[in-house]
1. Within the range A:228-253, take every residue that is more than 9 Å from chain B (Cβ to nearest Cβ) and of a type in the set (A, V, I, L, M) and give me the one that is surrounded by the most Cβ atoms within 10 Å (Cβ to Cβ).
2. Looking at B:Val55 and the list (1) modelled with pLDDT under 80; (2) in contact with an Asp or Glu (Cβ under 6 Å, 6 or more places away or on another chain), which single condition is not satisfied?
3. If A:Asp221 meets every condition in (1) within 12 Å of chain B (Cβ to nearest Cβ); (2) out of contact with any Lys or Arg (no Cβ under 8 Å at 6 or more places or on another chain); (3) under 20 Å from B:Ser290 (Cβ atoms) apart from one, which number is that one?
4. Take B:Glu168 and decide whether it is out of contact with any Leu (no Cβ under 9 Å at 6 or more places or on another chain), free of Cβ contacts under 8 Å to residues at least 40 places away in the same chain, in a helix (DSSP H, G or I) and not assigned by TED's automatic domain parsing to the domain that holds B:Glu19.
5. Output the residues belonging to the range A:268-284 that are away from chain B (no Cβ under 12 Å) and either part of a strand (DSSP E or B) or buried (at least 18 other Cβ atoms within 10 Å of the Cβ) (or both).
6. The conditions are (1) more than 14 Å from every other protein chain (Cβ to nearest Cβ); (2) touching a Ser or Thr at 6+ places or on another chain (Cβ under 7 Å), and A:Met265 fails exactly one of them. Which is it?
7. Please find, among A:Ala224, A:Ala243, A:Ala180, the residue that is closer than 30 Å to B:Ser301 by Cα and in contact with a Leu (Cβ under 7 Å, 6 or more places away or on another chain).
Amino acid sequence: MSTSSSDLSGRKIRFEFDTESGETMAWLLNFDKIITNGMGGTLAEQADLSGIKRVLDIACGPGGWALEVAREHLEIEVTGIDISEAMIRFAKALATSRGYDNASFKVMDVKQPLVFADASFDLVNERTLYGVMAPGEWPQLLAECKRILRPGGIIRLTELEAPVSTSLALNELWYLHTRAFYKLGRSFSVDEWHICINAVLKRLLRDAGFQDVKHQGHVIDISAGTADFEGFFRNFVYVFGLAKPFLLKVAGLTEQEYERLYQQMQAEMLASDFCGLWTYLTARGEKPAEAQV
Amino acid sequence: MGASSWRELLGRIIADPQEKQRVVNELGVNPITLIRWVKGEVVPRDENLRRLLEVLPAQREALAQLLMEAFPTLVVPSGQDTPEEATRVPAEFYSRVLNIYVATPPERRFWSVSDLTIQLALGQLDPNYLGMAFVIAQCMPPAGATHKIRSLRQNAGRGTPPWNAYLEQEPLLLGAESLAGYAVTVGHLVVQQSRAEQTHVPARWVEWEESAVACPIFLGGRIAGCVVVSSTQPGYFLPFRQRLIEKYAELLTLACRTEEFYALEDIELKLMPSPEVQKAYFVHYRQRVSDLMQEASRRQSPITIAQAERIVWEDLETELSGLAVSHY
């Protein structure tokens, strides 16, 4: 999920969450955990980590993924960057309190040239940047990622689509979400129902000059009774609680209508017959050994 | 079961290949040497024994005790060399929790404050995932003929393996039979360092739990409940970890409304049935919350999830209070 600001049509819209907020940080820590679990681990698709010593996490938020990499792999030096100073302060405090010496964090804007030397990293990771990036902004970011990767280095992008579920209210709230992003030009979709980022990830990587581009889908069961149900339930309570001001502004609902949907979503998700699936996709590619930067 | 010798404890620790590699790397010894220590074929030099204490901070207290039994002349350092950052709650954490307190709508405040605080506490208290559960047990509202608090509801919590990540999925009522109940009744932190420890403190040990702390959540001498922290490691709760737990319990005062803090004389906990007995009653807990919310919505008088949960907890307390004596 995205945590940034966007200037659109001359208007500054808070987009989509307040990055200074403690509740946003609580949500993102929870979100990182459930998604990492759902994807089978931090670097699940990387069979061989022997050449991975320096890792960069782009738009790391409070550092959930980076800290988990640091905990699991003492031999890896992981760096997280985010535009939010508050997020970076918080991530640093988390690393210090846990004694993770191999994790560091820096304030950096992913829409600007990244302040790293060429070939600085063995692997660059990002998750759920779709809300921050307009379609036309991806090529510059991916070119920068390619520049800072060593030849043969790996990029992995993980993005999501709206979940499908038996909760009418959850589905409606997600529709408000995809419609808002469509209206704001933050969607690859030709309609208001999808984000469509997963469909274009491989093309984005190929167009940026990465090779051996592959993808791996993650279909996460968020149904009642699953081990991480509580985490997903909590995630949606956080997301649609925090996104309320933004969605009210963009979707044109009354506060009462929104609250009714929000309560209904919670009631429907708590029912023992609630079922849902959430689809994530990781696309990965390699920087050619003889790449021209 | 606690280990009976330092060799046995070390053997258990290095049974995990990753942990074994970490110990080997940090000690700078050959893996074969480590195995010979465990088997008793070689006696380590004193400096290596002291280094073992440094590289195994989580097991330090238990290991130090076993080493002193085996090597009475060994000088064991006091353990004051824990990095200072690990012994205090960062100012940044206070800032973020306080921000939730002031900026979050009241209906989400308990949930958000407690969730962030528990995530922070768990990360700091168990950074290497040795195994920990951190739960909040909140006072049920006064009820019954005497209008006293009869039990605590375990309604928020998280864990690291082998515990589940989310412990709300295991709701439970705790009473006078529990460590939590004892801490709330006496009004101060209580610790049990091992199952073998003979104390007068009541405890109903749960699976994987080898040591535990319960610490009340206080505000102006009144109590809202307590935190219960369980570890898979005997002797895990060194003084600095107890102080950390007290600090996190202080932060959790921000999760509770003023009227949820009660005077000590209002607390008269009953015996609650065992978790196994309670499980059958809580199996439909979420469905009951869902039903209440949907019914209220149909009647055009919607209620929040917090309101629905409170009603279900009160109903379950009444049902279980009638069982307590016969099924304890």
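The values are calculated or read from the model by the stated rules, or taken from the named source; none is laboratory data. Predicted model only: the values in this text are computed from it and were never measured. Positions of Cβ are generated from backbone atoms using ideal geometry, with glycine treated the same way; all protein chains shown enter the neighbour counts.
1. A:Leu242
2. Against the list (1) modelled with pLDDT under 80; (2) in contact with an Asp or Glu (Cβ under 6 Å, 6 or more places away or on another chain), B:Val55 comes up short only on (1).
3. Failed condition: (1).
4. The answer is yes for B:Glu168.
5. A:Gly276, A:Leu277, A:Trp278, A:Thr279, A:Tyr280, A:Leu281, A:Thr282, A:Ala283, A:Arg284
6. The one condition A:Met265 does not meet is (1).
7. A:Ala180
Yes/no per residue for (1) more than 27 Å from A:Leu277 (Cα to Cα); (2) β-branched (Val, Ile, Thr); (3) modelled with pLDDT of 95 or more; (4) in contact with an Asp or Glu (Cβ under 8 Å, 6 or more places away or on another chain):
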{"site": "A:Ala44", "(1), (2), (3), (4)": "no, no, no, no"}
{"site": "A:Leu56", "(1), (2), (3), (4)": "yes, no, yes, no"}
{"site": "A:Ala91", "(1), (2), (3), (4)": "yes, no, yes, yes"}
{"site": "A:Asp101", "(1), (2), (3), (4)": "yes, no, no, no"}
{"site": "A:Met108", "(1), (2), (3), (4)": "yes, no, yes, yes"}
{"site": "A:Gln112", "(1), (2), (3), (4)": "yes, no, yes, no"}
